[in-house]
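Q: A single structure is presented below for examination.
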Amino acid sequence: MPTLVPVYSHRYLASDPALAPSPVFSVHQSDVIYYGDDLLDYVAREFGVPPLHPAATRTYVPFWSDLADGAENADL
């Protein structure tokens, strides 16, 4: 499970450079959701502007992507 690095408030990126570009996760207690497909997408959404370079696909981050996709404890 990759460690998350704080970006702002409860927004995080995966710390593993092999997973770049990492999606931005919003982690609040046990609630984990995607907040951006990558850092540029997150900043664009946060400031209400269109993304400069829309991501073609979202990078899979072990454990965190599973939680954001709705996996339950028994599934992990």
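The values are calculated or read from the model by the stated rules, or taken from the named source; none is laboratory data. Computed from a prediction, not measured in an experiment: that's the story for all the values here. With ideal geometry, Cβ positions are generated from the backbone for all residues, glycine too; neighbour counts draw on all protein chains shown.
Here is a yes/no grid of residues against (1) assigned to a strand (DSSP E or B); (2) at pLDDT 90 or above:
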site: Y12; (1), (2): yes, yes
site: P21; (1), (2): no, yes
site: Y34; (1), (2): yes, yes
site: Y42; (1), (2): no, yes
site: P50; (1), (2): no, no
site: H53; (1), (2): no, no
site: A56; (1), (2): no, no
site: T59; (1), (2): no, yes
site: A74; (1), (2): no, no
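Q: Among the candidates S22, S9, S15, which residue alone is polar (S, T, N, Q), touching a Pro at 6+ places or on another chain (Cβ under 9 Å) and free of Cβ contacts under 8 Å to residues at least 24 places away in the same chain?
A: Sole residue among the options that is polar (S, T, N, Q), touching a Pro at 6+ places or on another chain (Cβ under 9 Å) and free of Cβ contacts under 8 Å to residues at least 24 places away in the same chain: S15.
Q: Can you say whether D41 is buried (at least 18 other Cβ atoms within 10 Å of the Cβ) and without any contact (Cβ under 8 Å) to a residue 40 or more places away in the chain, as far as the supplied structure shows?
A: yes
Table: residues versus (1) more than 18 Å from P62 (Cα to Cα); (2) more than 11 Å from the chain's Cα centre (by Cα); (3) aliphatic (A, V, I, L, M).
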residue	(1), (2), (3)
Y12	no, no, no
P17	no, yes, no
P23	no, no, no
S30	no, yes, no
Y34	no, no, no
D38	no, no, no
A44	yes, yes, yes
G48	yes, yes, no
